[in-house]
Amino acid sequence: MLILNEEDFLAKGNERACYLHPQDKNKAIKVTLENSKRKKNKQTKMEIAYYKQLEKRGLKNWKHLPQYFGEIKTNKGLGFIVEVIRDYDGQVSKNFAYYLKQDGVQTYQKELEQYREYFVDNCIIFNYGMMPKNMLLRKNSPTDFDLVLIDGLGDVSHFTLPNKIPYFARRRINRRWMKFVRKYLINLKNCF
Ligand SMILES: Nc1ncnc2c1ncn2[C@@H]1O[C@H](COP(=O)(O)OP(=O)(O)O)[C@@H](O)[C@H]1O
Ligand SMILES: [Mg+2]
């Protein structure tokens with residue numbers, strides 16, 4: 001069992017906390033917060049199930065998702081290991097809401113289009129977790145950026161037939177993308 005110490009704490013959301021791996025600063029462990037009884041582990045289970053599916057499928061391009069390194073038992077319950085998203089200077093990347101507030105949405109049209117294409121081309125389904133505060137803007141250099149989805153991968157019904165047929169899956173991805181644009185990018189105040 002891996003012991004997670006408070007000194008390795010990275011950040012938390014409503015449901016999960018993220019700790020740096022004590023032996024590898026490029027890996028993080030996500031665990032469900034103890035007081036999060038609401039959807040008990042649902043999000044985590046869905047995310048792990050989808051990661052496994054992507055591995056099975058042999059996805060090679062992880063440009064817009066943190067890489068997945070499996071499940072792990074910790075003193076804070078069952079967790080899973082993912083790549084920590086860092087900028088070229090080694091800092092953990094900041095979320096997209098931060099940059100939208102600073103620069104507006106126009107600045108990031110290119111990054112948004114590349115990101116959208118990644119999900120459509122690779123047929124990767126995301127859920128309602130797709131929102132600017134769950135996306136990190138990784139700075140590969142002072143001028144080259146990638147958006148990375150850290151929370152919102154998968155679908156409650158990802159084993160159902162429509163998600164297995166690329167035509168229907170893409171239709172779902174496109175519809176969810178349009179909703180994301182309408183809810184968050186047309187109305188930036190919903191991001192903060
Ligand atoms: N791969 C990652 N790299 C860097 N930081 C991360 C990563 N995954 C999560 N985090 C940080 O941990 C926080 C909580 O993780 P998240 O998956 O969003 O949990 P929740 O489901 O509770 O919102 C994020 O808001 C982010 O600050
Ligand atoms: Mg989150």
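Brief remarks on what is shown
- The alpha carbon centroids of the stretch 37-113 and the stretch 128-145 are separated by 10 Å.
- In this structure, the pairs whose alpha-carbon distance is over 24 Å, taken from 25/164; 94/164; 60/139, are 25/164; 94/164.
- In order along the stretch 183-192, the Karplus-derived 3J(HN,Hα) couplings, from 6.51 cos²θ - 1.76 cosθ + 1.60 at θ = phi - 60°, round to 6, 10, 8, 7, 10, 4, 5, 6, 7, 10 Hz, and Gly and Pro are given as x.
- Among 67, 95, 137 - extreme Cα towards positive end, dipole of the stretch 40-164, charges at beta-carbon: 67
- With contributions of -39500 (n - 2.57) from each DSSP H run of at least four residues, the per-residue ellipticity at 222 nm computed over the chain stands at -9000 deg cm²/dmol.
- Cβ charges +1 (Lys, Arg) and -1 (Asp, Glu), total dipole of the chain, debye: 1000 debye
- Sparsely packed loop sites in the stretch 1-38 (the trypsin sites (Lys or Arg not before Pro) outside DSSP H, G, I, E and B with at most 15 other Cβ atoms within 10 Å) comprise 37, 38.
- The amide H of residue 86, built 1.01 Å from its N in the peptide plane, has 93 as neighbours under 5 Å, considering only residues 5 or more places off or on other chains.
- Cross-link partners of residue 42 among lysines, defined as those whose alpha carbon lies under 19 angstrom from its own and excluding same-chain residues fewer than eight positions apart: 12, 30, 52, 73, 76.
- If R0 is 22 Å, the Cβ-Cβ spacing of residue 73 and residue 23 corresponds to a FRET efficiency of close to 0.90.
- Close amide-amide hydrogen proximity is noted between residue 154 and 125, 126, 127, each under 5 Å apart and 5 or more residues distant or on a separate chain (H modeled in the peptide plane; Pro and chain starts excluded).
- Cα gyration tensor, the stretch 94-191 - rounded (a/c under 1.5), prolate or oblate: prolate
- The distance between label points at residue 55 and residue 168 comes to 2.7 nm (points 7 Å beyond Cα on the Cα→Cβ vector).
- Gain on full extension, evaluated as 0.36 nm per residue between residue 190 and residue 9 minus their Cα-Cα distance, stands at 62.4 nm.
- All Cα-Cα distances of the chain, cut into 10 Å bins from zero to the largest, leave 8, 36, 38, 17, 1 percent in each bin in turn.
- GluC sites (Glu not before Pro) restricted to the stretch 5-99 and DSSP loop, no more than 10 other C-beta within 10 Å: 34
Throughout, read-outs are computed from the coordinates displayed, never taken from laboratory work. These figures come from a predicted structure and were not determined experimentally. Cβ: placed from backbone, ideal geometry, glycine included. Neighbour counts: every protein chain shown.
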